[in-house]
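S.K.: I have a structure here, written as structure tokens, and I will follow up with some questions on it.
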Amino acid sequence: MRFGVVVFPGSNCDHDAWYALSHNLGQPCDFIWHDSSSLGNADAVILPGGFSYGDYLRCGAIAKFSPVMTAVRKFAAEGGLVLGICNGFQILVESGLLPGALLRNRDLKFVCRTVSVRVETTNSPFTSAASRGQVLRLPVAHGEGCYFADDRTLDQLEAEDCVVLRYLDNPNGSMRNIAGILSPQRNVMGMMPHPERAADSLLGSSDGRAILESMVASLMRAAA
């Protein structure tokens, strides 16, 4: 199995994701440039954090027009695993692959610290190796991480068990303390915290491995 990490102009967590997957988890991982029309032979795709295209207009608003996103949409429609982290989450909602929007933080300040999130469901390829109710300590680093959706959308996310992570100490004012959500088909996930920055105990936490190892386990089950 192979992972692909998309690199947009302005991405700055692409190497973090690549290192976590290739060195911490020992999985083959390739970089995929934003102007590529193909994802190669990737079995799962990561949209990393950063400031794609300088966050002009809105975070992720320009990245959604990158040629690679046509391939990502097709890949997701065919059931491929897609994880968007921070700016990657913003790109997923701008692209319509996930509902809602990510707005300026409640206090209008950039937040960069470790937060606690609770795993709300293990019925997903991204949390199957975790336990429901498990608390993960993960870093956040964003200025526009406040998840917003109308009540109907929020209710639907709750009813379909698509709220996958919830803040215990909400750093940005996200509605219903939402830190991560799933697509209705459960193969696309967006999250604001950074699991790739918590994949090695030398960094102070390896809790992020629960997300990445779940993806590996899900791919192995699919290939068996």
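Every number in this text was worked out from the coordinates using simple rules, so none of it is lab data. This structure is a prediction, so every number in the text was calculated from the model and none was measured. Cβ sites come from the backbone with ideal geometry, for glycine too, and all protein chains shown count toward neighbours.
S.K.: Please compute the contact order of region 3-223 in relative form: average sequence separation of alpha-carbon pairs under 8 Å and at least six residues apart, divided by the residue count, as a percent.
M.R.: 20 percent
S.K.: For a bin width of 5 Å, list the pair-distance distribution of region 1-98 built from all Cα-Cα distances, rounded to whole %.
M.R.: Spelled out bin by bin, region 1-98 gives 3, 16, 28, 28, 17, 8, 2, 0 percent.
S.K.: Quick check on the chain: helices-only [θ] at 222 nm, where DSSP H runs of length 4 and up contribute -39,500 (n - 2.57) each and the sum goes over total residues. Nearest 500, please.
M.R.: Rounded to the nearest 500, the figure is -6500 deg cm²/dmol.
S.K.: Related question: For region 1-58, max minus min Cα coordinate along each principal axis, in Å, sorted largest first?
M.R.: Principal extents (largest minus smallest coordinate, Cα): 37, 25, 12 Å.
S.K.: Would you list His142, His15, His34 from fewest to most Cβ contacts within 10 Å?
M.R.: Ordered from fewest to most neighbouring Cβ atoms within 10 Å, His142, His15, His34 come out as His15, His34, His142.
S.K.: Still on this structure, please answer the following. Output needed: percent of Cα pairs per 5 Å distance bin for region 115-210, bins running from 0 to the one holding the longest distance.
M.R.: 3, 14, 25, 26, 20, 9, 2, 1, 0
S.K.: Can you check what the Kirkwood hydrodynamic radius comes to for region 42-134, Cα pairs only, in Å to one decimal?
M.R.: When all Cα pairs of region 42-134 are included, the Kirkwood radius is 14.7 Å.
S.K.: Sort Leu92, Leu81, Leu47 so the one with the fewest other Cβ atoms within 10 Å of its own Cβ comes first.
M.R.: Leu81, Leu92, Leu47
S.K.: If the elastic network links every pair of Cα atoms under 10 Å, which of Pro99, Pro48, Pro67 fluctuates the most in the Gaussian network model of the chain?
M.R.: Result for the chain, Cα springs under 10 Å: Pro67 fluctuates most.
S.K.: OK, next. Given the options Met189, Met69, Met175, which has the most mean-square fluctuation in a GNM of the chain, springs set between C-alpha atoms less than 10 angstrom apart?
M.R.: In the Gaussian network model the winner is Met175.
S.K.: Continuing with the same structure: Order these by the 10 Å Cβ neighbour count, fewest first: Arg113, Arg166.
M.R.: Least crowded to most crowded, the residues run Arg113, Arg166.
S.K.: Shifting gears a bit: So how many Å³ per residue does the convex hull of the Cα atoms of region 3-223 work out to?
M.R.: Dividing the Cα hull volume of region 3-223 by its residues yields 105 Å³.
S.K.: Of the candidates Leu97, Leu138, Leu168, which one comes out as most mobile in a Gaussian network treatment of the chain with C-alpha springs shorter than 10 Å?
M.R.: Largest GNM mean-square fluctuation: Leu168.
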